[in-house]
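Structure first, then comments.
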There are 2 protein chains.
Amino acid sequence: MILEGIVTTLSPSGAVNIAPMGPRVEADLRRFQLRPFPTSQTYRNLKAHGEGVLHVSDDVLLLARAALGPVEPLPPLQPASHVRGRVLCDACRYYEFRVQSIDESEERVRIEAEVVHAQRLRDFFGFNRAKHAVVEAAILATRTEFLPLDDIEAEYRKFAVVVEKTGGAQEREAFALLRQHVERVRRRAGDVSPPREDVSLPREDE
Amino acid sequence: MILEGIVTTLSPSGAVNIAPMGPRVEADLRRFQLRPFPTSQTYRNLKAHGEGVLHVSDDVLLLARAALGPVEPLPPLQPASHVRGRVLCDACRYYEFRVQSIDESEERVRIEAEVVHAQRLRDFFGFNRAKHAVVEAAILATRTEFLPLDDIEAEYRKFAVVVEKTGGAQEREAFALLRQHVERVRRRAGDVSPPREDVSLPREDE
């Protein structure tokens, strides 16, 4: 099972990185596998210091912001208790982890991690079509470099209906952010060399 | 916010009805609004006896089965503690409720309900694209009467990729059930009067 979660790591200088990640997890979540791109900050941070925190969250606004780039200002954070890392205070649950192994033999790095501490903070909302439309929209927003923009925009038109009909303020704000990003990409699609800000925001894993 | 949940009600004779429902909820879930179709068993049961149980669940196999018709055999159930009703033992959380008012002035009935007892049983998995693809597939499966089959099948082809890539055994089984249903509808689409079994399985709300 792939869990669409959020991973926080610290750089050697202590900067907090917040990244949407889809680890492969077992039901008990005692260990999991991350597959970040080797260009990602999460990968660089975990290679330098093999500890971090995986979060289960239904906060799609944070997820959308993190998918589009560095999250500024940072959301409320607290120090992890068993690893050098930071916990998102608004997460539903979190899993402090230690890297067991890093396999760099393929294009996508494979990081095996062991959970050393787990805690629940609050309940996950449950199934909500708007929240999930934002998750799918965030994934597409990070693929504007290699997916046809027409296809992405067609999906976004469907998402817009679902967000309006089944979501709340958080889902609408998150979707608006993602839609603005895609609109910026569209406006610049005619340029020979699109500005780096629009092409350098890959999601850190698939 | 619309929560895609599961509602159990009892008929006057004590038969358990399990129905996917998308109530409009507030964040604290102390009250919510159901909008069942007047032809639904949930509506009939709640009109006869205004009590039931709303569940937050990530069990998409149960959700798919309930979307396609009566669930047989019944999943594990336990008596509710504060109302005449049944609790799904495998739910994540549940909300025993009492109907406050029923408004039948429009096509879709509006039922206002007050939660009289809430309990957590286990954690919701979190965001998983396969689970959500099944939720969307279940909604489409109940709309085969009035949505173009070509469109539904096109969506199902996309769902199939996501289920295979991000889901587990439960998600694959749930999606297979829904796909078989759509395939049955397709095979019979040429008939002037499709067999009732394929057109009488509406989801009980939108």
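Evaluating B:G52 against the criteria (1) away from every other protein chain (no Cβ under 12 Å); (2) within 21 Å of B:H132 (Cβ to Cβ); (3) of a type outside the set (D, E) leaves one unmet condition, (2).
Quick check: is even one residue across segment B:6-21 in a loop (DSSP other than H, G, I, E, B), at negative phi, in contact with an Asp or Glu (Cβ under 8 Å, 6 or more places away or on another chain) and modelled with pLDDT of 95 or more? No, there is no match, as no residue in segment B:6-21 is in a loop (DSSP other than H, G, I, E, B), at negative phi, in contact with an Asp or Glu (Cβ under 8 Å, 6 or more places away or on another chain) and modelled with pLDDT of 95 or more. Selection of segment B:48-68 for residues being within 17 Å of B:P36 (Cα to Cα) and open to solvent by 20 Å² or more (accessible area, probe 1.4 Å) yields B:A48, B:H49, B:G50, B:E51, B:L68.
The criterion of being within 12 Å of another protein chain (Cβ to nearest Cβ) and surrounded by 14 or more Cβ atoms within 10 Å (Cβ to Cβ) does not hold for B:V71.
Considering only residues that are of a type in the set (G, A, S) and more than 7 Å from chain A (Cβ to nearest Cβ), which ones fall in segment B:122-140?
Residues of segment B:122-140 that are of a type in the set (G, A, S), as a first pass: B:126, B:130, B:133, B:137-138.
Within segment B:122-140, B:A130, B:A133, B:A137, B:A138 meet the criteria.
Among the residues of this structure, B:R84 counts as one that is away from chain A (no Cβ under 14 Å), open to solvent by 50 Å² or more (accessible area, probe 1.4 Å) and out of contact with any Pro (no Cβ under 6 Å at 6 or more places or on another chain).
Residues in segment A:22-36 that are open to solvent by less than 60 Å² (accessible area, probe 1.4 Å) and either more than 11 Å from chain B (Cβ to nearest Cβ) or more than 13 Å from B:T166 (Cα to Cα) (or both): A:L29, A:F32, A:Q33, A:L34, A:P36. Here A:T9 fulfils each of the conditions (1) within 21 Å of A:R122 (Cβ to Cβ); (2) surrounded by 17 or more Cβ atoms within 10 Å (Cβ to Cβ) apart from (1). Just one of the numbered conditions (1) within 29 Å of B:G167 (Cβ to Cβ); (2) touching a strand residue (DSSP E or B) at 6+ places or on another chain (Cβ under 8 Å); (3) touching a residue at least 24 places away in the same chain (Cβ under 8 Å) is not true of A:T39: (2). The residues of segment A:158-204 that are surrounded by 14 or more Cβ atoms within 10 Å (Cβ to Cβ) and at pLDDT below 65, listed by number, are A:P194, A:D198, A:L201, A:P202, A:R203, A:E204.
The values are calculated or read from the model by the stated rules, or taken from the named source; none is laboratory data. Everything quoted here is computed from the prediction, not taken from an experiment. When we count neighbours, we look across all protein chains shown, and the Cβ atoms used for this are built from the backbone with ideal geometry, even at glycine. Note: accessible area is taken over every heavy atom of the protein model, side chains too, but ligands, DNA and RNA are not part of it. Shrake-Rupley method; radii C 1.70, N 1.55, O 1.52, S 1.80 Å.
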